[in-house]
Amino acid sequence: MSVKSEERKIKTTSFIFLSAVGVLWIAPLIWILSTSLKPESAAISWPIRWIPETPTLKNYIDVISNTSEAPILKWFANSLFIAVSHTVLVLFITSLAAYAYSRLEFKGRDKIFWSLMATMMIPPIMNLIPAYSIVNFLGWIDTPWAMIIPGLGGVFGIFLLRQFFLGIPKELEEAAIIDGATLFQIYWKIILPLSKPALVVLALFTFMGNWNDFLWPLIVTNSIEMRTLPVGLSILQGTYNIQYAKMMAATFISAVPVLILFLLAQRFFVKGISLSGVKG
């Protein structure tokens, strides 16, 4: 068997395997969309019909129009504002920290960095009570700040960006210093523009993590108006006594921003993953 035939066989097998995995991943989303377009009686019928016989938008209209018991548009706005604000601040703070750990020389730099990495071994649930105590002391309970500020100095983000920054040639910095650039100007005008793939990957992970977070917003919010979508969906379940068609409509609404973000960022996503973490 020739080399080209072997390569073609490997590519064909890989394509079939990845296509099968892709179908498995997208099937639940298709089922959610399909169910959300069905009347309630058809949503729980058996066998499952992937294509609705009589598609309807009534479930979406009912969910959106219920502004008293389950204000889903308010929850959507809360989640969007909190997730975007948190993501922007995480990118700024972690990129500054990663720049210091990768490009600046100071005593104990590597020891501090690896000590910071060691904190990743601590289960996040152990930080729950201390974090709540701090947020409560600051008077942030039932405010957006309780869901925006905690976690801004994410260790994973610092590690990801540091590894990417280490791959940027130092000659660029040296040339900028000769031209009179300050450290912040080098960070802002050289390092960040060259690190778009890694920044997009971190932004995607951060946004998805904050958007889908359930436990922390449940703990730090009290009023219905301050709830985020994941917490709101649990309220919606009780409101409609598990009316599956309406639940699927609300679930699909909550999935749309993440899907759009991933589709827009996918070309950067692969590049950012492949180029990060290759240098120690």
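Tabulated data
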item	result
Of residues in segment 123-143 being farther than 17 Å from Leu215 by Cβ and not hydrophobic (A, V, I, L, M, F, W, C), the one surrounded by the most Cβ atoms within 10 Å (Cβ to Cβ)	Thr143
Test: residue in segment 82-105 that is exposed (fewer than 10 other Cβ atoms within 10 Å of the Cβ), out of contact with any Asp or Glu (no Cβ under 7 Å at 6 or more places or on another chain), modelled with pLDDT under 95 and closer than 16 Å to Leu152 by Cβ	no
Residue count for segment 41-60, restricted to those that are more than 21 Å from Ala255 (Cα to Cα) and of a type outside the set (A, V, I, L, M)	7
Segment 187-209 residues that are among the charged types (D, E, K, R), paired with ones that are buried (at least 18 other Cβ atoms within 10 Å of the Cβ) (beta carbon under 9 Å, 6 or more apart)	Lys196/Gly272
Only listed residue being at pLDDT 90 or above and either under 26 Å from Thr35 (Cβ atoms) or hydroxyl-bearing (Ser, Thr, Tyr) (or both), chosen from Trp188, Trp211	Trp211
Scan of segment 59-81 for residues that are among the hydrophobic types (A, V, I, L, M, F, W, C) and surrounded by fewer than 21 Cβ atoms within 10 Å (Cβ to Cβ), ordered by number	Ile61, Ile64, Leu73, Phe76, Ala77, Leu80, Phe81
Filter result (assigned to a helix (DSSP H, G or I) and within 17 Å of Ser115 (Cα to Cα)) within segment 138-160	Val155, Phe156, Gly157, Ile158, Phe159, Leu160
Helices (runs of 4 or more DSSP H) (entirely within segment 24-109) containing at least 3 residues that are of a type outside the set (Lys, Arg), farther than 26 Å from Ile148 by Cβ and within 28 Å of the chain's Cα centre (by Cα)	58-65
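The values are calculated or read from the model by the stated rules, or taken from the named source; none is laboratory data. What you see is a predicted model, and the numbers here were worked out from it, not measured in a lab. A quick note on method: Cβ atoms are made from the backbone with ideal geometry, for glycine too, and the neighbour counts reach across all protein chains shown.
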